[in-house]
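Heads up, the thing below is written out as structure tokens.
The values are calculated or read from the model by the stated rules, or taken from the named source; none is laboratory data. All values derive from a computational prediction rather than experimental measurement. Counting neighbours? That spans all protein chains shown, and the Cβs are built from the backbone with ideal geometry, glycine included. Areas reflect the complete protein model, heavy atoms only, side chains present, ligands, DNA and RNA absent. Shrake-Rupley method; radii C 1.70, N 1.55, O 1.52, S 1.80 Å.
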Amino acid sequence: METKIKPRNRITDFKNDLVFKFMLSDLNDSRCYYLLKLIIEGITGIQCQELFVLNSEVNPEHLSDKDMVLDVRVKTDEEKLIDIEMQNSSLTKEVHYRFQIYGARMMDHQVNRGDILYSENVHEVYTILFVNDIDRDNLLLIDTYMPRNQLNHVRKYNLLTHHNVYLPFIDAVVREKGLKNLNALELAIYTLYHGITDDIISLNSEVVIMMKEKMDQFNEDEELVLAASKRQLVKIQHHQEKVRIRQEGKEEGLKEGELLKAKEKTLKLFNKLFPDENNELLENLTLLQYDQTFDALLENEDLKTIKKIIGK
């Protein structure tokens, strides 16, 4: 009897943050170095003579933590600090807040208590967020943020610059320029968003070939593939749980609002009909009791009937 070999799982999505980190972190691999340098120079404009990845470790044992951030932290030869992250979801308010806090922490961690001259120890910080979303208020592929004054002048000696890379917007760039006319950075962004497709691989582009080779290398490691699959599943479950909690919170808020509205209108009518009575008996009732009491008040029922409805 012929034994069927179960096909191995294969990761194909570059937006998986473990794949993304694997692709950029090993600077002993010339392909990682090239791709990392391309992303940093193309997005920030920094010309890098040398790069150092500060957190190159990828340990599958630690990846079950749904809140663990798999970013790539880099230092240039000029001591500039760069944090790069893949966010395979919408750009929510929480993500906006988190990345601003990251940038502030990266500046703060450079300062030691007792430092007199900050300029000797503090270096510029750049954060780059690849996000699977489009900001409809800013229709750009790469959106750059830095503090400016009312004259639109960038703050002097600015230390923090943030870049959002909106992956889906690459399709608008392709419609305008054509796939064959994309530059190396745009090809990398297209591949991050769409993966290795027939049309992109047919271009025989150096950057696409490198990304395909890194994905193939990733898939050769069964432990990494399993970790990436589990991590993605955990992140999906975590997202669904947050959506459920948020929805329950909205429903609970609606119920509380409805209860408060029923209480207010019942108290108002009660005080009008029974001005000498203590209205504390209308505290802590259910929505049904408030509705029934309000209807009874509209029918001009006596106080005894009202108390019977609310059980007092």
Sequence order, the stretch 152-162: Karplus ³J(HN,Hα) from phi using 6.51 cos²θ - 1.76 cosθ + 1.60, θ = phi - 60°, Hz rounded, Gly and Pro as x, gives 6, 8, 5, 3, 4, 6, 4, 9, 10, 10, 10
Here are some values of Cα extents along the principal axes in Å: (i) 66, 44, 35; (ii) 103, 53, 35; (iii) 87, 78, 44. Which one was computed from this structure? (iii)
By how many degrees, 0 to 90 and rounded to 10, does the Cα axis of helix 287-298 deviate from the longest principal axis of the chain? 40 degrees
When the chain is treated as a GNM, springs tying every alpha-carbon pair under 10 Å, which of Phe274, Phe20, Phe130 comes out with the largest mean-square fluctuation? Phe274
Given charges at beta-carbon only (K, R positive; D, E negative), |dipole| of the chain in Debye: 580 debye
With everything on Cα atoms, drop me the angle between helix 206-219 and the longest principal axis of the chain, reported from 0 to 90° to the nearest 10. 70 degrees
Find the accessible area per residue for the stretch 161-212; the probe is 1.4 Å, ligands and nucleic acids are left out, and the unit is Å². 43 Å²
Among Lys268/Lys308; Lys80/Lys230; Lys263/Lys304; Lys255/Lys307; Lys93/Lys180; Lys261/Lys307, which pairs are too far apart, with a Cα-Cα distance over 28 Å? Lys80/Lys230; Lys93/Lys180
Determine the relative contact order of the chain: mean sequence separation of Cα pairs under 8 Å and six or more apart, normalised by residue count, in whole percent. 17 percent
If one builds a Gaussian network model of the chain from Cα atoms under 10 Å apart, the most fluctuating residue listed among Leu288, Leu35, Leu224 is Leu288
Farthest positive-ward along the chain dipole, Cα basis, beta-carbon charges - from Phe294, Leu141, Met215: Phe294
The chain, Gaussian network, Cα under 10 Å: of Lys255, Lys93, Lys272, the residue fluctuating most is Lys272
Take the solvent-accessible surface of the protein heavy atoms, probe 1.4 Å, and return the percent of it on the stretch 65-188 that carbon and sulfur atoms account for. 48 percent
Aspartates and glutamates near Lys15 by alpha-carbon distance under 17 Å, same-chain residues fewer than 8 away left out - which ones? Asp67, Asp71, Asp83, Glu85, Asp133, Asp171, Glu186, Glu213, Asp216
